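These notes concern the structure reproduced below.
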Amino acid sequence: LLFLMRVILLTIGILWGLISEAEELLVIASPDVPAATISMQQLADIYALRKTTWSNQTQIVPVNRESDSDARKEFAGSVFGSTPQDLAELWDKLRFQGKQPPLTQISDQAVLGFVRNVPGAIGYIRADEIPTGVKVLLRLP
(Lines give C-alpha, C1' and ligand atoms only; values in the text may rest on other atoms or scores of the structure.)
Protein backbone atom coordinates (compact mmCIF):
# COMPACT_ATOMS: atom_id res chain seq x y z
CA LEU A 1 0.00 0.00 0.00
CA LEU A 2 2.82 2.40 0.86
CA PHE A 3 4.50 1.63 -2.46
CA LEU A 4 1.26 2.34 -4.36
CA MET A 5 0.86 5.69 -2.57
CA ARG A 6 4.42 6.67 -3.50
CA VAL A 7 3.79 5.78 -7.14
CA ILE A 8 0.58 7.83 -7.18
CA LEU A 9 2.28 10.84 -5.57
CA LEU A 10 5.21 10.61 -7.97
CA THR A 11 2.84 10.43 -10.94
CA ILE A 12 0.88 13.45 -9.70
CA GLY A 13 4.14 15.37 -9.25
CA ILE A 14 5.31 14.57 -12.77
CA LEU A 15 1.96 15.52 -14.29
CA TRP A 16 1.88 18.77 -12.29
CA GLY A 17 5.35 19.62 -13.59
CA LEU A 18 4.30 19.00 -17.17
CA ILE A 19 1.17 21.10 -16.80
CA SER A 20 3.00 24.00 -15.19
CA GLU A 21 5.73 23.97 -17.88
CA ALA A 22 3.31 24.81 -20.69
CA GLU A 23 2.41 28.46 -20.31
CA GLU A 24 -0.09 30.44 -22.27
CA LEU A 25 1.27 32.60 -25.09
CA LEU A 26 -0.09 35.93 -26.31
CA VAL A 27 -0.04 36.78 -30.01
CA ILE A 28 0.69 40.50 -30.13
CA ALA A 29 0.68 43.02 -32.96
CA SER A 30 1.78 46.55 -33.63
CA PRO A 31 -0.80 49.16 -32.58
CA ASP A 32 -1.29 50.18 -36.23
CA VAL A 33 -2.39 46.69 -37.34
CA PRO A 34 -6.05 46.92 -38.45
CA ALA A 35 -7.06 43.56 -36.93
CA ALA A 36 -8.53 43.22 -33.43
CA THR A 37 -8.29 39.41 -33.42
CA ILE A 38 -6.71 36.70 -35.53
CA SER A 39 -7.65 33.08 -36.22
CA MET A 40 -5.24 30.17 -35.90
CA GLN A 41 -5.43 29.70 -39.68
CA GLN A 42 -4.55 33.34 -40.34
CA LEU A 43 -1.67 33.07 -37.88
CA ALA A 44 -0.40 29.92 -39.59
CA ASP A 45 -0.67 31.63 -42.99
CA ILE A 46 1.37 34.58 -41.72
CA TYR A 47 4.15 32.43 -40.24
CA ALA A 48 4.18 30.14 -43.31
CA LEU A 49 4.58 33.35 -45.38
CA ARG A 50 1.34 32.75 -47.31
CA LYS A 51 -0.22 35.98 -45.99
CA THR A 52 2.10 38.98 -46.29
CA THR A 53 -0.09 42.10 -45.92
CA TRP A 54 -2.74 43.29 -43.49
CA SER A 55 -6.15 44.44 -44.78
CA ASN A 56 -4.84 48.03 -45.02
CA GLN A 57 -1.98 46.78 -47.26
CA THR A 58 0.66 47.29 -44.55
CA GLN A 59 3.42 44.69 -44.87
CA ILE A 60 3.19 41.97 -42.19
CA VAL A 61 6.45 41.60 -40.27
CA PRO A 62 6.37 38.34 -38.29
CA VAL A 63 8.89 37.86 -35.49
CA ASN A 64 9.89 34.63 -33.74
CA ARG A 65 11.64 33.69 -30.55
CA GLU A 66 14.94 31.82 -30.97
CA SER A 67 14.59 28.21 -32.17
CA ASP A 68 15.58 26.59 -28.86
CA SER A 69 13.23 28.67 -26.69
CA ASP A 70 10.28 27.05 -24.93
CA ALA A 71 8.00 29.77 -26.30
CA ARG A 72 8.91 28.89 -29.89
CA LYS A 73 8.42 25.17 -29.24
CA GLU A 74 4.98 25.88 -27.78
CA PHE A 75 4.11 28.22 -30.65
CA ALA A 76 5.16 25.70 -33.31
CA GLY A 77 3.21 22.96 -31.58
CA SER A 78 0.06 25.05 -31.03
CA VAL A 79 -0.13 26.71 -34.43
CA PHE A 80 1.41 24.09 -36.73
CA GLY A 81 1.38 20.86 -34.73
CA SER A 82 5.09 20.58 -35.46
CA THR A 83 8.53 21.41 -34.11
CA PRO A 84 10.68 24.52 -34.61
CA GLN A 85 12.99 22.35 -36.73
CA ASP A 86 10.12 21.47 -39.10
CA LEU A 87 9.34 25.16 -39.50
CA ALA A 88 13.01 25.98 -40.08
CA GLU A 89 13.01 23.49 -42.96
CA LEU A 90 9.92 25.17 -44.42
CA TRP A 91 11.52 28.60 -44.16
CA ASP A 92 14.73 27.31 -45.77
CA LYS A 93 12.68 26.15 -48.76
CA LEU A 94 10.87 29.48 -48.93
CA ARG A 95 14.17 31.36 -48.72
CA PHE A 96 15.11 29.74 -52.06
CA GLN A 97 11.90 31.24 -53.47
CA GLY A 98 13.10 34.69 -52.43
CA LYS A 99 10.95 34.95 -49.27
CA GLN A 100 12.42 36.10 -45.96
CA PRO A 101 11.62 33.92 -42.94
CA PRO A 102 10.33 35.59 -39.78
CA LEU A 103 12.90 37.62 -37.88
CA THR A 104 14.14 36.28 -34.53
CA GLN A 105 14.37 38.02 -31.17
CA ILE A 106 16.12 36.59 -28.10
CA SER A 107 13.58 37.41 -25.37
CA ASP A 108 9.94 38.27 -24.77
CA GLN A 109 11.01 41.84 -23.99
CA ALA A 110 12.85 42.06 -27.32
CA VAL A 111 9.78 40.73 -29.18
CA LEU A 112 7.57 43.19 -27.32
CA GLY A 113 9.86 46.14 -28.13
CA PHE A 114 10.11 45.10 -31.78
CA VAL A 115 6.36 44.64 -32.23
CA ARG A 116 5.60 47.87 -30.37
CA ASN A 117 7.89 49.90 -32.68
CA VAL A 118 7.70 48.25 -36.11
CA PRO A 119 4.59 48.97 -38.21
CA GLY A 120 2.81 45.76 -39.25
CA ALA A 121 4.76 43.57 -36.81
CA ILE A 122 3.30 40.47 -35.16
CA GLY A 123 4.88 38.15 -32.61
CA TYR A 124 4.24 36.05 -29.54
CA ILE A 125 5.27 36.29 -25.92
CA ARG A 126 4.54 34.48 -22.67
CA ALA A 127 1.33 35.58 -20.98
CA ASP A 128 3.06 36.43 -17.69
CA GLU A 129 1.65 39.94 -17.76
CA ILE A 130 -0.54 42.00 -20.06
CA PRO A 131 1.74 44.00 -22.38
CA THR A 132 1.25 47.69 -23.08
CA GLY A 133 1.67 49.52 -26.37
CA VAL A 134 0.61 46.54 -28.51
CA LYS A 135 -2.61 44.75 -29.47
CA VAL A 136 -3.28 41.26 -28.11
CA LEU A 137 -4.84 39.41 -31.05
CA LEU A 138 -5.01 35.87 -29.65
CA ARG A 139 -4.22 33.72 -26.60
CA LEU A 140 -2.59 30.37 -27.28
CA PRO A 141 -3.11 27.76 -24.56
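The values are calculated or read from the model by the stated rules, or taken from the named source; none is laboratory data. Quantities reported herein were computed from a predicted structural model and do not represent experimental measurements. Because the Cβ atoms are built from the backbone with ideal geometry, glycine has one as well, and the counts that use them run over all protein chains shown. Heavy atoms of the whole protein, side chains included, go into the accessibility calculation; ligands, DNA and RNA do not. Shrake-Rupley method; radii C 1.70, N 1.55, O 1.52, S 1.80 Å.
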Determine the sum of side-chain charges near Gln105: Lys and Arg each +1, Asp and Glu each -1, restricted to other residues whose C-beta is under 10 angstrom from that of Gln105. -1
Summing Lys, Arg as +1 and Asp, Glu as -1, what charge do residues with Cβ under 14 Å from the Cβ of Phe80 carry, Phe80 excluded? -1
Tell me, what is the 1.4 Å probe accessible area of Lys73, in Å² to the nearest 10? 100
How many percent of the accessible area of the stretch 32-141 is carbon or sulfur, using a 1.4 Å probe? 52
Between Gln105 and residues 5 or more places away or on another chain, the pairs with built amide H atoms under 5 Å apart involve Asn64, Arg65, Glu66
Just reorder Asp32, Asp128, Asp108 by solvent-accessible area, largest first, 1.4 Å probe, all chains present. Asp128, Asp32, Asp108
Ranking by accessible area, most exposed first, for Glu24, Glu74, Glu129 with a 1.4 Å probe: Glu129, Glu24, Glu74
Counting Lys and Arg as +1 and Asp and Glu as -1 over every other residue whose Cβ sits under 10 Å from the Cβ of Pro31, the net charge comes to +1
